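Shown next, in structure tokens, is the structure this report addresses.
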Amino acid sequence: MMVLARGYDMGSHISHRALHVAIAIAATAAPCSAHAEAGSFAKSFQFAIPPGNLSAALSAFSATTGLQVVASSGDVGSHMSAGISGKYKASDAIARLLAKSGYTASLVGDMVVLQQATASPRAMPIALQSAVGGMVASVAGMGLAAAGLLPPTAGALLQEAIDVVAVLNALRVSWNPGSLTDYR
């Protein structure tokens, strides 16, 4: 669902493709004003946004800065914001409002576009486990081959098996841990 920070709910009938087309048009239609918008993103404003619903915080941010905030995916209203008080650059203020929400912000034309972060918090440990585990197993296989305990054909097949196991382990990132159930 796409939500504009000024409080308008565009509904789920607007596709991501339409949003991307609108962003592309906004980015190319006004190249002369690009520096002006970038300047307003770097300009400092006085903020008094209380903690609460992220959608309400984004509406207040938009009212204070005059920048339109667009979320390309997800449900912004289900997240909370710690709020912000004081004088901040618009870019710093939006970063503080979005902290721990799973969203990132970037300026596109005269819009601040929010996108959900795609990396899972589980991604880095699983990636390291797959990479290091695969390298250790490969080095062990090379050691066996160097010692003459593993013929070349068997070594090649073992290496392929190690690669498949490492890739399958890395694919755990895409599995939803909430869908796993312990049956007793």
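The values are calculated or read from the model by the stated rules, or taken from the named source; none is laboratory data. Please read all numbers here as calculations on a predicted model, not as lab measurements. Using ideal geometry, Cβ is built from the backbone for each residue, glycine included, and neighbour counts are taken over all protein chains shown.
Let's see how each residue does on (1) of a type in the set (Ser, Thr, Tyr); (2) not in a strand (DSSP E or B):
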| position | (1), (2) |
| --- | --- |
| Val70 | no, no |
| Gly77 | no, yes |
| Gly86 | no, no |
| Ala93 | no, yes |
| Leu97 | no, yes |
| Ser101 | yes, yes |
| Ser106 | yes, no |
Does region 166-176 contain at least one residue that is outside any strand (DSSP E or B), in contact (Cβ under 8 Å) with a residue 12 or more places away in the chain, outside the structural domain of Ser62 (by TED's automatic domain parsing) and loosely packed, with under 12 Cβ neighbours inside 10 Å?
-> yes
Is one or more of the residues making up region 126-145 without any contact (Cβ under 8 Å) to a residue 12 or more places away in the chain and either in contact with a helix residue (DSSP H, G or I) (Cβ under 7 Å, 6 or more places away or on another chain) or of a type in the set (Phe, Trp, Tyr) (or both)?
-> yes
From the options Ala63, Ala57, residue that is surrounded by fewer than 14 Cβ atoms within 10 Å (Cβ to Cβ), assigned to a helix (DSSP H, G or I) and in the same structural domain as Lys43 (by TED's automatic domain parsing) = Ala63
Thr104 fails exactly one of the following numbered conditions: (1) modelled with pLDDT under 90; (2) surrounded by 15 or more Cβ atoms within 10 Å (Cβ to Cβ). What is the number of that condition?
-> (2)
Here the residues within region 19-62 that are of a type in the set (Gly, Ala, Ser), under 22 Å from Ala93 (Cα atoms), modelled with pLDDT under 85 and touching a strand residue (DSSP E or B) at 6+ places or on another chain (Cβ under 8 Å) are Ala38, Ala42
